[in-house]
Amino acid sequence: MLNFARSRTPARATTRPTTMGSMDYAEPKRKGNFVGKVFIAAVLTTICIIMIKRSPNLNSPSPFAVHETGVTHVLVTGGAGYIGSHAAFRLLKDSYRVTIVDNLSRGNLGAVKVLQELFPEPGRLQFIYADLGDSNSVNKIFLENKFDAVMHFAAVAYVGESTVDPLKYYHNITSNTLLVLESMAKYDVKTLIYSSTCATYGEPEKMPITEVTPQAPINPYGKAKKMAEDIILDFSKNSDMAVMILRYFNVIGSDPEGRLGEAPRPELREQGRISGACFDAARGIIPGLKVRGTDYKTSDGTCIRDYIDVTDLVDAHVKALEKAQPAKVGIYNVGTGKGSSVKEFVEACKKATGVNIKVEFLPRRPGDYAEVYSDPTKINRELKWTAQRTDLEESLRTAWRWQKSHRDGYGIPNTY
């Protein structure tokens, strides 16, 4: 007789891990969930990495931080100032890449804003707010940017002020130029265009002034500029840097199309250029024009100066940049080759503005010299540069148009 036992229902699988010896094996379902989560996390991480790498801001460096074939990147120190902003404008028009560095102590943020609006394309223009007297800032600027050339305009530049506060001038002009030159050498920047002045000649015995006229400055402004020149010349003796030193005379005028002009800070008007004082008198900002010195040994007793239009001046800088040669130094006077007395200048200003400006004659200003005008033969011959805007009244008329339409300068504060 056969005995059939009742069949049992198979036992359900437990949720505990099965133990074999000393090894635990996770339950298969949980293992699958864990592997899936790891896979998803890996996929998401990979996608994030790909997106980050494709981001233009992270995938490629700033155009200012690389040397680019066919593009010349110029650092313009003092590029927010009167002359520096006009130079930056010309460079940008000529398709240079421009970095402006300025601490706005004498420059105008409004001039930078104008340039930014005119040249908004990426990689054309950047502004760095910095003080060239801070060695760490200067080093950082050169570390983070790749410059092909430097146009060094940044400087305090009032003769009268230099006699009252000479240490400011030696720090700002001489020491700051040394810091810039050191960084140029450290980061292998190949070309320097140095903005110097006829004040390095002092009061020569013979006119006109040539590049070989002895330099004997009579005020701290001229002395500080000559010291800076000497540093550059000594350095260049054992360097392959291309160096151009431009000694220019009294600057007037403004952008012919009215986009840029001269807007000195109100507290510095007393120290400023005679053109600025003439315009202030014509607009009634000051009661009249003060002419200092009527007893000089000149035809009418007032100082004689060589007045150069700012547009011509920046053209000379661009030509110097184009002609600069490695391991060579070029030194040039930039002027018209003719002088005009202060009285003649005032008469031209009256005609340009149409205002009968009141004139007050006062004693001489400390540090001034009787007569200075250039012989531009060398720059005419070697750089093919000649001043085009030699009509004093016309240059003043151009500047007056900007002044009339910008009574408050650029109209924005210099806070940054």
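The values are calculated or read from the model by the stated rules, or taken from the named source; none is laboratory data. Bear in mind the structure is a predicted one, so any value in this text is a computation, not a measurement. Cβ sites come from the backbone with ideal geometry, for glycine too, and all protein chains shown count toward neighbours. The protein model used for the area step is the full one, side chains on, heavy atoms only, and it has no ligands, DNA or RNA in it. Shrake-Rupley method; radii C 1.70, N 1.55, O 1.52, S 1.80 Å.
Just checking, how many residues over region 351-367 are open to solvent by less than 70 Å² (accessible area, probe 1.4 Å), outside any loop (DSSP other than H, G, I, E, B) and either without any contact (Cβ under 8 Å) to a residue 24 or more places away in the chain or under 17 Å from residue 295 (Cβ atoms) (or both)?
Residues meeting the conditions: 2.
Say whether the condition of being of a type in the set (Val, Ile, Thr) and without any contact (Cβ under 8 Å) to a residue 40 or more places away in the chain is met by at least one residue in region 98-105.
Yes, some residue in region 98-105 is of a type in the set (Val, Ile, Thr) and without any contact (Cβ under 8 Å) to a residue 40 or more places away in the chain.
Taking region 36-75, which residues are among the polar types (S, T, N, Q), modelled with pLDDT under 75 and assigned to a helix (DSSP H, G or I)?
57, 59
Check off (1) in contact (Cβ under 8 Å) with a residue 24 or more places away in the chain; (2) under 17 Å from residue 254 (Cα atoms); (3) open to solvent by less than 30 Å² (accessible area, probe 1.4 Å) for residue 277 and give me the number that stays unchecked.
So the condition that residue 277 fails would be (1).
Is at least one residue of region 202-223 open to solvent by less than 20 Å² (accessible area, probe 1.4 Å), out of contact with any Ser or Thr (no Cβ under 7 Å at 6 or more places or on another chain) and at pLDDT below 95?
Looking through region 202-223, at least one residue is open to solvent by less than 20 Å² (accessible area, probe 1.4 Å), out of contact with any Ser or Thr (no Cβ under 7 Å at 6 or more places or on another chain) and at pLDDT below 95.
Among the candidates 263, 277, which residue alone is within 27 Å of residue 195 (Cα to Cα) and assigned to a loop (DSSP other than H, G, I, E, B)?
Testing whether each residue is within 27 Å of residue 195 (Cα to Cα) and assigned to a loop (DSSP other than H, G, I, E, B) leaves just 263.
Do you know which residues across region 333-347 are open to solvent by 10 Å² or more (accessible area, probe 1.4 Å) and either small (Gly, Ala, Ser) or within 31 Å of the chain's Cα centre (by Cα) (or both)?
336, 337, 338, 339, 340, 342 - these are the residues of region 333-347 that are open to solvent by 10 Å² or more (accessible area, probe 1.4 Å) and either small (Gly, Ala, Ser) or within 31 Å of the chain's Cα centre (by Cα) (or both).
Out of all the residues in region 373-410, which are part of a loop (DSSP other than H, G, I, E, B) and either open to solvent by 80 Å² or more (accessible area, probe 1.4 Å) or among the aliphatic types (A, V, I, L, M) (or both)?
If the condition is that a residue be part of a loop (DSSP other than H, G, I, E, B) and either open to solvent by 80 Å² or more (accessible area, probe 1.4 Å) or among the aliphatic types (A, V, I, L, M) (or both), then 383, 384, 387, 388, 389, 391, 407, 408 are the ones that fit.
Could you figure out which of (1) without any contact (Cβ under 8 Å) to a residue 60 or more places away in the chain; (2) at negative phi; (3) of a type outside the set (Ser, Thr, Tyr) isn't true of residue 268?
Condition not satisfied by residue 268: (1).
Any residue at all in region 115-124 that's surrounded by fewer than 20 Cβ atoms within 10 Å (Cβ to Cβ), without any contact (Cβ under 8 Å) to a residue 40 or more places away in the chain and among the hydrophobic types (A, V, I, L, M, F, W, C)?
Within region 115-124, one or more residues are surrounded by fewer than 20 Cβ atoms within 10 Å (Cβ to Cβ), without any contact (Cβ under 8 Å) to a residue 40 or more places away in the chain and among the hydrophobic types (A, V, I, L, M, F, W, C).
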